[in-house]
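Nothing in this text is a laboratory measurement; each read-out follows from the coordinates by a stated rule. Since we're looking at a predicted model, the values are computed, not measured. Methodologically, a virtual Cβ is constructed for each residue, glycine included, from the backbone with ideal geometry; neighbour enumeration extends over all protein chains shown.
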Amino acid sequence: MTDSNEDRRSFPRAEVVMAGSMKGSYDRRDCAVIDISLTGAKLELDKPLDSKSIQTIRFSQTTALNVSVAWHKGTSVGVTFTDDPHDIANALERLLPDSCFEPFSKS
């Protein structure tokens with residue numbers, strides 16, 4: 001029996017629906033954030049990703065994180081956050097439920 005992806009994750013994911021925008025080898029492109037954790041997010045795009053070059057995801061006027069593409073299939077894209085874990089936690093603190101920070105200490 002194999003572990004599910006959720007069992008192997010370092011931090012729990014929260015299912016969300018929030019607007020975002022990505023910046024990479026193109027000017028800017030809107031996306032929907034479908035789920036998110038302290039390590040990454042799943043994005044939904046209006047059309048398939050042409051290249052794997054996404055550099056940042058912006059969730060609001062003040063929250064932007066550096067990312068790398070972990071996978072993409074059709075209009076779905078998985079990204080991994082590449083900033084310092086404490087910076088990620090600080091940036092996402094108001095967007096995620098407390099359960100997403102376990103076992104991470106927000107100190």
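Considering only lysines 8 or more places apart in sequence, or on different chains, count the pairs in the chain whose C-alpha atoms sit under 19 Å apart.
Final tally of qualifying lysine pairs is 8.
Based on the Cα coordinates of segment 5-97, what is the per residue volume of their convex hull in Å³?
Dividing the Cα hull volume of segment 5-97 by its residues yields 93 Å³.
Show me 28-36, 81-89 ranked by packing, highest mean number of other Cβ atoms within 10 Å first.
Peptide ranking by packing, descending: 28-36, 81-89.
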